[in-house]
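Read through the structure below, which is laid out as C-alpha cells, and then see the notes.
The values are calculated or read from the model by the stated rules, or taken from the named source; none is laboratory data. Being a predicted model, the structure only gives us computed values, none of them experimental. Glycine gets a Cβ as well: all are built from the backbone with ideal geometry, and neighbour counts include every protein chain shown.
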Amino acid sequence: MLSVFVVAALFSAAKLSSPPLSTFNEPPPADAPECPRSVGLCIERIVTRVLDGDTLDVEGGLRIRLVLVDAPELSESGGPEARDYLTDLCLGSLALIDEDDFQIGDDPYGRVLAVAYCGDTNANAAMISTARADTYYVYCSDSEFGSLSWTGCSSPPPPPADCDTAYPDLCIPPPPPDLDCGDIPDRNFRVLSPDPHRFDGDGDGIGCEGP
C-alpha cells in the first residue's frame, strides 16, 4: 500500500513541474523586417508625408528618396498626379524601408535612398510600372537594386530629345534661350565643358550648387 502512495505522489509532482500546454502553443515572436542585405537601414515606419512622386517622410524625421525613381517635379506635367498616386499608396501606411546598400550617405540633401514597401506594394516599382515616373537610368549601375526587373535598368534608356551633352545626367536643351539656375528645378548636377548655359560658375564641374 505504501508503494501505491509513493507512486501517486511522484506522478502529482511531475504534473506540477511540467509547463502548461499553452506554453507550447503560443505563436513565436514576429520576425524583424528582413531586407536582401543588411548594411543599410532596414526599418518599418509610418509614412507621415508625401512631398512629390519620389520623396516621402516617415516617422523619426527621416526623408526617403525612392531610389531609381525619377518622377516629374510638381511644376512639371504629371508632377501633381505622381504625388497624388504615391500619397494614395503610402500615406499613413506602415512602410518597410530598405536602404540602398551601395548608396548609403550619397544623397546631397541628406535623404535616405531606399525602396519603400507600403503595405505589400513596392512603391518604387509601382511608380515606374504605372508610368507615373521614369527609371533614373543614370544611377542604375550605382544601385544594389539595379539588376532587378522592376527598375527597368535592363532596358535601354529612351533616346534623348533636344538635350545638350554638357549636362549628361539631365535633359537641358542648348540655348537659345540662355537659361539660369532659377529657370530649372535641378541642383548639384554634373557639368561638362563648354557649359553653354554657364550653370557652373566656379568651374568645379557641378552646376547650380545649393539646396
> Hey, does the range 59-66 have a residue that's assigned to a strand (DSSP E or B), on the phi < 0 side of the Ramachandran plot, charged (D, E, K, R) and assigned by TED's automatic domain parsing to the domain that holds Asp142?
Replying inline: yes
> Is there a residue being surrounded by 11 or more Cβ atoms within 10 Å (Cβ to Cβ) and within 9 Å of Leu68 (Cβ to Cβ) anywhere in the range 123-134?
Replying inline: yes
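Rundown of residues vs (1) modelled with pLDDT of 95 or more; (2) within 28 Å of Gly92 (Cα to Cα); (3) small (Gly, Ala, Ser), yes/no style:
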position	(1), (2), (3)
Arg111	yes, yes, no
Ala114	yes, yes, yes
Asn122	yes, yes, no
Ala125	yes, yes, yes
Val138	no, no, no
Pro157	no, no, no
Pro160	no, no, no
Cys163	no, no, no
Pro176	no, no, no
> So is Ala116 surrounded by 17 or more Cβ atoms within 10 Å (Cβ to Cβ), part of a strand (DSSP E or B) and hydrophobic (A, V, I, L, M, F, W, C) or not?
Replying inline: yes
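With the structure loaded, tell me whether Leu56 is within 12 Å of the chain's Cα centre (by Cα) and either assigned by TED's automatic domain parsing to the domain that holds Tyr137 or modelled with pLDDT of 95 or more (or both) or whether it fails that test. Lay out the reasoning, then the answer.
Working: within 12 Å of the chain's Cα centre (by Cα): yes; either assigned by TED's automatic domain parsing to the domain that holds Tyr137 or modelled with pLDDT of 95 or more (or both): yes.
In short, yes.
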